[in-house]
1. When each pair of different Cα atoms in the range 17-173 is counted once in the 1/r mean, what is the Kirkwood radius in angstroms, to one decimal?
2. Quick check on the range 95-220: what does the Kirkwood estimate of hydrodynamic radius come out to from the alpha carbon pairs, in Å?
3. Can you tell me the Rg and Dmax of the range 318-383, counting just the alpha carbons, in angstroms?
4. Please report how far the C-alpha centroid of the range 304-371 lies from that of the range 226-260, rounded to the nearest whole angstrom.
5. Just to check I understand the Karplus step: with θ = phi - 60° and J = 6.51 cos²θ - 1.76 cosθ + 1.60, what whole-Hz values come out for the range 95-104, glycine and proline as x?
6. Normalized C-alpha radius of gyration of the range 333-484, against 2.2 N^0.38 Å?
7. By counting other Cβ atoms within 10 Å of each Cβ, how are 75, 243 ranked from fewest to most?
8. Hey, can you rank 214-225, 452-463 by average C-beta count inside 10 Å, highest first?
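Computed from the coordinates by the stated procedures, all read-outs in this text should not be read as laboratory data. Since the model is a prediction, treat every value here as computed from it, not as a measurement. Here Cβ is always computed from backbone atoms with ideal geometry, including for glycine, and neighbour counts include all displayed protein chains.
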Amino acid sequence: MTTSGPIDQNPTAPLPPSSRSGSPAAGVVPDFAPPPPGRARRRYAVVGTGHRAGMYVAALTGDHADVGEIVAWLDPNPARVDWYDDELRRARPDAAPLPRYTPDQLERMVAEQRVDIVIVTSPDHSHAELVDRSLRAGADVVVEKPLATDAEGSRRIARAVAETGRGVVTTFNYRYAPRNSTLREVIASGAIGEVTGVHFEWALDTVHGADYFRRWHRDKANSGGLLVHKASHHFDLVNWWLDDVPRRVYASGALRFYGDENARARGWPDRPERGTDAAGDPFSLDLRSDPRLEGLYLRAERHDGYRRDLDPFAPGITIEDNMAVLVDYRRGATLSYSLNAHSPWEGYRVTVNGTAGRAELEVIERGFVEVDEEGNAILDPSATPGLATHDPLRPEGERLTVQRHWRRTEEVTIPAGIGGHGGGDAILLMDILRGDLRLAPDPLRRAADYLDGVRAVAVGIAANRSLATGLPVTVDELALGVDL
Ligand SMILES: NC(=O)c1ccc[n+]([C@@H]2O[C@H](COP(=O)([O-])OP(=O)(O)OC[C@H]3O[C@@H](n4cnc5c(N)ncnc54)[C@H](O)[C@@H]3O)[C@@H](O)[C@H]2O)c1
């Protein structure tokens, strides 16, 4: 598989035009005051030095180096820590390696390095423990989604927040993508009246979708499955768009495409064990095709045996690839949601029905997966001159429309953003790293707090319980440890 891509997102995720924009529209980037003269930079530790950590490292050694600095690494794998020490040297040739710690030494790290804020970018199942211990060690926390993978994890964090009074921020970058922010503006403006229901379909393609079946996410104990790991982004969006709280959840789903049994049933018995060196296979990820993948994963395997490129049809998968969820909200709206992880194109469609009309958002992030002469999927066709870059019938793009009763449809302009994830990551980083210097409060209230993190995983955790029992599950019965 041919890879390329920014370090701020999953290397298999699509790179739609909005993620390449360098010139955001007026008003998209908030204004910030300069830091007061003499104010000490905040001291950050990065816990979990895998791929996602790169976004924070780039920010704190680049645009936000005036307000914060990384003072320590924590990861069980020394090769991945080496990679980031090298990254620091690439940013500043005279940079010395930072102090490094293993997970059992977290409290010592916070004390010795006088850490103000711990950034948690480790696998999902470890978040609850690492957030709890960081708070109790005396640091605030920025934690990647999902906040926790199960109800006990949520309760554990709730206890630590209540007992320490310290801050936890869950990062929800999708809110900051201008198309998603604009939909919130449309709903909040009252243009479609009171919202009565939302229909939300998310399609992951056979490159990006398959990635969740190649590594730790494939085990539900690690990720909570895609209803927690991936859909917590989507459930957070709906919670935030509606400014409401989920109340009851019913889910249905199964593993119907990936996995060894499905491959056998389809007559594909001889799959490669792993993607690296498996030329000619559109489901494979070759770690040698990208220096970052090779450095962070292939060369780090000898320390922990973590393989980033397992065949998505190899045995051991315990998560679903087709999921449907119904969510009732407290104020009365219903969400019908579906997630598919083996689609030929990637993107999403949202319909919001209201008492005065409906809003519709359609986003195509990758129109089709292009395959090279050898049969490998090409992640970024625009990096290879001469390759077609879009399907004329399904061009990459985004469209937001509003239609009020008895009126024609109107298209709502979506302003250009900056950075990855539909233009969301760069502005998210500004809010996380220098939010206290904002000159005006955000009318869209995009900065997610700890409660937003709980509300988002509440739906996925309830959905997992519903999958197990076949029954609807109320969020209250999960006893997540905090009043939502
Ligand atoms: N917001 C987004 O769009 C987005 C995108 C990608 C990843 N993420 C999130 O970031 C997190 C990391 O994902 P990734 O793709 O970088 O994974 P990764 O596998 O690349 O990296 C995880 C790192 O954590 C380390 N680790 C394992 N156990 C640990 C422990 N107990 N303590 C500390 N470190 C530990 C691993 O050695 C590895 O270096 C996940 O929670 C994921 O959901 C979010």
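1. Radius from the Kirkwood sum: 16.6 Å.
2. Roughly 17.6 Å, rounded to one decimal.
3. Here Rg and the maximum Cα pair distance are 17.0, 54 Å.
4. The two parts, judged by their Cα centres, are 8 Å apart.
5. 5, 8, x, 8, x, 10, 9, 9, x, 5
6. 1.36
7. Lowest count first: 243, 75.
8. 452-463, 214-225
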